[in-house]
Amino acid sequence: METIGQRLRTARERLGFSLEEAERTTRIRAAHLAALERDDFAALPSPVQARGFLKNYADYLGLDTDRMLQDYGSAPATRRPSSTRPVTAPRPEVRVRRRGWLSADLLVAATIALGTLALLVWGGGRLMASLRAAATPVEQSSVFLVPVPTLAPTATVTPEISGQALLAFKAPTETATLPPLILPGSGVSVRLLAVQRAWVRALADGQQRYQDRVEPGAIIDLSAERQIEVTTGNGAGLRVTLNGVDLGSMGGLDEALTRIWTTEGEITPTPTITPSPTATPRPSATAFGATPLGPTG
């Protein structure tokens, strides 16, 4: 099982971030981030700051912060031995003579409080009496029932980019239904529903449409003419709907992966193979000797 530091380092390398880039974003020194990736929690200033650094760094990498903090609390390296307190000599007993609870200051404060309370009661009575006098008699009044409109979930539309609109809806309530997915006449349409916190990057026809962390309940709608590419650091945190068909979770828990959908369906990304150098065989040595000459005529 991977340690806390190994999971942090693996997630950072998968996202292609360096320690310096993480330091500029999280405002945590690169030395402290390196100590977290080495599981060297003793090098951090204090256990409280270590938990704060770990929570911010895991949230930045799109990992499950609650699980990371639980593993940190159960790790043996994070438990520090209790310090023994020095034995001090008993202090001499000093007797202080207390004053009686009934004093002049207490009487003055009680008198002021009672006077303020009486003033408030008197003012409230006068106000209620004036309201009753100005009220319309019940026999001459009419009662109207005003219908209360039912509020639907609101949606925030981001600025349109190259003819494609990206909608980020608020989290629906338990009784509300998800907004309808608008299917294009041609091309491909993908809806991403966040069920856990995750980092997401989405490309439509090769152009970036979204790159940020999402919270549970967020909805991202994407449409393109040829293909849509989605990359995430937590496959179990996203639920995918392709052209109105629910495909389920995008991947496993804390799984970093990339998936591509086209008009013909899903395709597997082709890994780039780095060509390896081929050794050129060295020429073998050829022995040169004198060629005997035959008898001359």
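Of the listed requirements (1) of a type outside the set (A, V, I, L, M); (2) touching a Lys or Arg at 6+ places or on another chain (Cβ under 6 Å); (3) at pLDDT below 85, Ser74 misses just one: (2). The residue that is least open to solvent (accessible area, probe 1.4 Å), among those in region 2-35 that are assigned to a loop (DSSP other than H, G, I, E, B) and on the phi < 0 side of the Ramachandran plot, is Ile28.
Cβ-Cβ distances below 6 Å connect the following pairs, each with a first residue in region 29-46 that is over 14 Å from Leu8 (Cβ atoms), a second residue that is modelled with pLDDT of 85 or more, and a separation of six or more residues or different chains: Ala43/Ala35.
Please find, within region 48-71, the residue that is surrounded by the fewest Cβ atoms within 10 Å (Cβ to Cβ) out of those that are among the aliphatic types (A, V, I, L, M) and touching a residue at least 24 places away in the same chain (Cβ under 8 Å). Explain how you work it out, then say what you get.
At the first step, the residues of region 48-71 found to be among the aliphatic types (A, V, I, L, M) are 48, 50, 54, 58, 61, 63, 68-69.
Cutting the leftovers down to touching a residue at least 24 places away in the same chain (Cβ under 8 Å) gives us 50, 54, 58, 61, 63, 68.
Working: Ala50: 19, Leu54: 25, Ala58: 23, Leu61: 26, Leu63: 24, Met68: 22.
Taking the candidates together, the pick is Ala50.
The values are calculated or read from the model by the stated rules, or taken from the named source; none is laboratory data. Predicted model only: the values in this text are computed from it and were never measured. In this analysis, Cβ positions are derived from the backbone assuming ideal geometry, glycine residues included, and neighbour counts consider all displayed protein chains. In case anyone asks, the SASA skips ligands and DNA or RNA and just uses the protein heavy atoms, side chains included. Shrake-Rupley method; radii C 1.70, N 1.55, O 1.52, S 1.80 Å.
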